[in-house]
1. Hey, which of these cross-link pairs are over 28 Å Cα-Cα: 228/304; 33/316; 33/304; 316/360?
2. Based on the mean of other beta carbon atoms within 10 Å per residue, what is the order of 161-174, 54-67, most packed first?
3. Restrict the search to the range 370-468; then list the GluC sites (Glu not before Pro) that DSSP places in a loop and that have at most 15 other Cβ atoms within 10 Å of their Cβ.
4. Which of the lysines could be linked to residue 503 by a straight reach, that is with a Cα gap under 18 Å, when you skip same-chain ones fewer than 8 residues away?
5. Please give the calculated 222 nm ellipticity per residue for the chain, where each DSSP H segment of at least 4 residues contributes -39500 (n - 2.57) and the sum is spread over every residue; nearest 500 deg cm²/dmol?
6. Per the 1.4 Å probe, what fraction of the accessible area of the chain, in percent, lies on carbon and sulfur atoms?
7. State to the nearest 20 debye the size of the charge dipole of the chain about its Cα centre, where the only charges are +1 on K and R beta carbons and -1 on D and E beta carbons.
8. What percent antiparallel are the DSSP beta bridges of the chain, to the nearest 5?
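The values are calculated or read from the model by the stated rules, or taken from the named source; none is laboratory data. Just so you know, these numbers come straight off a predicted model, no measurement behind them. Cβ sites come from the backbone with ideal geometry, for glycine too, and all protein chains shown count toward neighbours. Heads up: the accessible areas ignore ligands, DNA and RNA and are worked out on the full protein's heavy atoms, side chains in. Shrake-Rupley method; radii C 1.70, N 1.55, O 1.52, S 1.80 Å.
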Amino acid sequence: MTDHDHHTQDQTGNDQDWFLPKEARDRLQELFKGLEREVLVQVFTAPGLNDAYNEYVEKLLHDLQRINQRIRPEFHGLESEEAQNNNITSSPVLRIAPDRYDIRFTGAPVGEEGRSFLTALLLASRGDSGLSETSRAILGHLDQPRKAQVFVTPTCPYCPGQVLNAFRCAIERPELVSAECVEADEHPELSSKYNVGSVPHTVFNDGEYEQLGLLPEERFALELLGLKNAEELDARTEMDLPEAEPGEYDVVIAGAGPAGLTAAIYAVRSGLNTVVLEQGVIGGQVALTPMVENYPGFTSVPGKTLMEIMTDHARKYATVQEGEGVSDVTSQDGRLLCRTPRGEYSTKALILATGATYRKLGIPGEEEYLGSGVNYCASCDGYLYKSKRVAVVGGGNTALTDALHLKNLGIDVTVIHRRDSFRAQKHLQDSLQREHIPVLWNTVVEEIHGSNGRAHSVTLRDTTTGETRSLDLDGVFIAVGYTPHNELAQSLNLELDSAGFIKVDKQMRTNRKMVYACGDITGGVQQIVTAIGEGSVAAITAFEDITHPNWENAEQQ
Ligand code: NAP
């Protein structure tokens, strides 16, 4: 019997004995081939405190150990010496490799956090943070203890990235850094202590510094070190950080939404050496869409699931880097040099699939209460408003999809729309009616009010009568469309339309040679299917231009 057989022999057990379904077990068995040394996982529970989650983690850990005995769970009550020595008072809590690191999950790692939990097991087992050379160099400057607590929800696609930022730092500097993932919904007392109204929300050193959103890895390391918003470039210069060697590619794709991922599949299948660089999370806006019902082949599919399928497919061909955006592009010896916080990529062609970002209302209170009652991502933050009262502003597909998702979570939701009819698809309008979600027609939000750092009400104006009134709410979700993510396009002097979208021809060429654009950044109807179509066209055109540079001939004529 090989060592591997020994670790997995129970896999043949009767299906009824298992908590995880067979398919998940098979995937985990494959994943756990990457485990190197044993990982102790301490599980702390107390009966009567979050029983459903206690049961979940206990069963999960029993299964994981049966799948691979290098996972070694140890179960403790809250009365135990181990719990008291480590100041554990809530249930469930998981500590990963506590013999070597201070990494914990306060709350069960459910939903999206399953990903950070499994990655944490692998990293701890290998004893390698996996951080870039630059991040390691930044953390090399640390000489004082640091604590990072990342508040998350189970449906937030941005959260695992930020949790892993914290965990990686704790593995890199175990003697100084402790990291904790806190399920905000399971721990309302801790969430309200830090006024968590949007996730991921990171609290450094018990509140000395706080940050909202997912940070690129190196910026996280800088902010952990400096406990303040990083003036990235200054800090980098002062520290004399190493520069990575440039990689050589045929195609660099900026953005890993449906357009970028499709372009990658097509580019590699044409024989082009390709890398996809994504500043935020893979999947773009679709990954944040609770449910997609107009993607052919899928009657109804969560946006996140659809993008996971697409990402798995693209990764069979190309490297897809998450949390690494192209910040700057220069020309060099007939090639393009794309700079990211991690290094430089020299390429023949650049495909911009940088998508779009939330449009703001631009009203008083919107910035002030961002993350404390004002939200743009219903998938991420909906959980924080369970049994509360919120409004969704907007009348498009996003607003109605979000309203239905929030209602489904048990939230009292009202839609506020500036006109007397929706532009959203009829199907969504029918669902809204069926769910009895009230709509305030011909109404705009003029101001968001709050106290003690949290929004509590809005001023509404009736656009037909001009009358204003106040409405008490716990939160406002703003879904009034998107603005193009065009900073890179602007720095490249690409031609933009009046709304800021990149102008392209039918082959997705921009006005600059060997630079193409596809997906939401080109404007248009902004559907997943159109983004995919444009992605394939951009890659095919890049291939044509690299192999048969017709524009060179045209110039000579
Ligand atoms: P959208 O279609 O542009 O709709 C934006 C909505 O916000 C409109 O109803 C607009 O009102 C309203 N609005 C804009 N500015 C406003 C302001 N300053 N104050 C108040 N209201 C304002 O944006 P979206 O819903 O985010 O959709 C974007 C794209 O993604 C669309 O192409 C959409 O089809 C696609 N999408 C599709 C799905 C789906 O198919 N399931 C889901 C999500 C998104 P008016 O109507 O008066 O202009």
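1. Over 28 Å Cα-Cα: 228/304; 316/360.
2. 161-174, 54-67
3. Here the sparse-neighbourhood loop sites are 435, 467.
4. Counting by Cα, and skipping residues close in sequence, residue 503 has these lysines nearby: 513.
5. -9500 deg cm²/dmol
6. Exposed carbon and sulfur together represent 46 percent of the surface.
7. So the dipole magnitude of the chain works out to roughly 1260 debye.
8. 50 percent
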